[in-house]
1. Mind checking which strands (runs of 3 or more DSSP E) fall wholly inside region 47-156 and carry at least 2 residues that are small (Gly, Ala, Ser) and either modelled with pLDDT under 90 or surrounded by 11 or more Cβ atoms within 10 Å (Cβ to Cβ) (or both)?
2. Regarding ALA3, is this residue buried (at least 17 other Cβ atoms within 10 Å of the Cβ) and touching a residue at least 60 places away in the same chain (Cβ under 8 Å)?
3. On the given criteria, is PHE34 at pLDDT 90 or above and assigned to a loop (DSSP other than H, G, I, E, B)?
4. When you check SER26 against the structure, is it surrounded by fewer than 19 Cβ atoms within 10 Å (Cβ to Cβ), modelled with pLDDT under 90 and not aromatic (Phe, Trp, Tyr), yes or no?
5. Scan region 11-20 and give yes if some residue there is in contact (Cβ under 8 Å) with a residue 12 or more places away in the chain and of a type in the set (Ser, Thr, Tyr), otherwise no.
6. Which condition number does ILE11 fail, the rest of (1) assigned to a loop (DSSP other than H, G, I, E, B); (2) more than 15 Å from the chain's Cα centre (by Cα); (3) crowded, with 18+ Cβ neighbours inside 10 Å being met?
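The values are calculated or read from the model by the stated rules, or taken from the named source; none is laboratory data. Not measured: the values here are computed from a predicted model. Here Cβ is always computed from backbone atoms with ideal geometry, including for glycine, and neighbour counts include all displayed protein chains.
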Amino acid sequence: MKAFDYIEIRIPAKPQYVSVIRLAISGLATRVGFLYDQIEDIKIAISEAVTNVVQHAYEESEQGDIVIGCALYTDKIEILVTDFGNSFDFEEIKKEVGPYEPNSSITQLREGGLGLFLMETLMDEVKVNSENGVTVFMTKFVKREQVKHRDQTITS
């Protein structure tokens, strides 16, 4: 038996499909057991990843697809956002749009850096592969309330 369920969605790289993916990811995250605030974080991160593809992956004359893959575990969700358009060097982009150091101000980000910043801030892991298009791999772990059996209060 597999340790996870895998769901894959392919959509055209068009802005009108960003909301469709947000809704689908929201339903999948609910299935895993994420809390409302965690689902909202995931929706923002997936929106940024998909919007980046819509805006940057394909030339104006070229049409392409976005493939979103989701692995659902009991304690996490792994999301892949893949395009087959123009690649970029994630580390180089990070340097250009920075800062990514703790306690740095978001106001110091240059235009175009907010999406990467949000993905890294809202998800537990973000990895990017920019060979043959771009693949963004994001992981979010379920963080459930910490209540001991038969206790009345939450302990930390």
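1. 65-72
2. Details: buried (at least 17 other Cβ atoms within 10 Å of the Cβ): no; touching a residue at least 60 places away in the same chain (Cβ under 8 Å): yes.
The answer is no for ALA3.
3. When the stated conditions are applied, PHE34 passes them.
4. no
5. Yes.
6. Of (1) assigned to a loop (DSSP other than H, G, I, E, B); (2) more than 15 Å from the chain's Cα centre (by Cα); (3) crowded, with 18+ Cβ neighbours inside 10 Å, only one is false for ILE11: (1).
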